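For reference, the structure is listed below as structure tokens.
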Amino acid sequence: MKKIAAILLFGILFQIKSQSQEIPPAPAEKSVVYFVRASGLGFAINFTYFDSTKLIGKGNGTNYIRYECEPGHHLFWARSENRDFVEAEVEAGKIYFIEVVPQMGAIKAGVQLKPVDPSNEKTMKRILKLLDKKAPENFSAEELEKEAENSKDVMERGLEKYREEKEKGKKTDRLEKEMYFKN
């Protein structure tokens, strides 16, 4: 009887655990990109996220943003003390991850964006653990519009920095369409 109870309990716990890490699917006509900040380093410093000239959101501490976008080419970037860029090619109906890594800065935390290869089990475990524990950061259209209005100059300077770095031959990390998460 104890063996049966133990097996049932194990089965229930396994089912709960596997259900709790289910990621909502991407809409058939959209791509989904998660910006995941799993480290608490520089927890008080906001990182601001962009899709070229579109503000996606911002956040501090351990958090994540689920961003739905059109399939195709994108330039994702983040701003803190510095700026970091990821060129992306994403497909409809697919889910992608970009890890947001705080870096020690001179005055405040810097930011590094790292496209995630979903076959990297260690990174995915850390990401899925955070997704399991917290809800995504959400922003109303009004909040994003107000922040975008205040960030116009930031966006112009950020994209100018990107162009300058490209002209100097600096490599930009890429999120390839094959790097999607298989749920």
Condition test on Lys134, is it among the charged types (D, E, K, R), under 16 Å from Phe35 (Cβ atoms), exposed (fewer than 14 other Cβ atoms within 10 Å of the Cβ) and modelled with pLDDT under 95? yes
Evaluate the following for Lys177: is it more than 17 Å from Ile65 (Cβ to Cβ) and either of a type outside the set (D, E, K, R) or touching a strand residue (DSSP E or B) at 6+ places or on another chain (Cβ under 7 Å) (or both)? yes
Does Glu145 satisfy being surrounded by fewer than 19 Cβ atoms within 10 Å (Cβ to Cβ), more than 24 Å from Ser39 (Cα to Cα), more than 15 Å from the chain's Cα centre (by Cα) and at pLDDT below 95? yes
From the list Tyr49, Tyr67, Tyr96, pick out the single residue that is modelled with pLDDT of 95 or more, crowded, with 21+ Cβ neighbours inside 10 Å and either charged (D, E, K, R) or in contact with a Pro (Cβ under 8 Å, 6 or more places away or on another chain) (or both). Tyr96
I want to confirm something. Restricting to the range 1-46 and keeping residues that are at pLDDT 75 or above and either touching a Leu at 6+ places or on another chain (Cβ under 7 Å) or assigned to a helix (DSSP H, G or I) (or both), which single residue is nearest to Phe76 (Cα to Cα)? Val36
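The values are calculated or read from the model by the stated rules, or taken from the named source; none is laboratory data. Just so we're clear, the structure is a prediction, and the values are computed from it rather than from any experiment. Cβ coordinates were reconstructed from backbone atoms using ideal geometry, including for glycine residues, and neighbour counts include every protein chain displayed.
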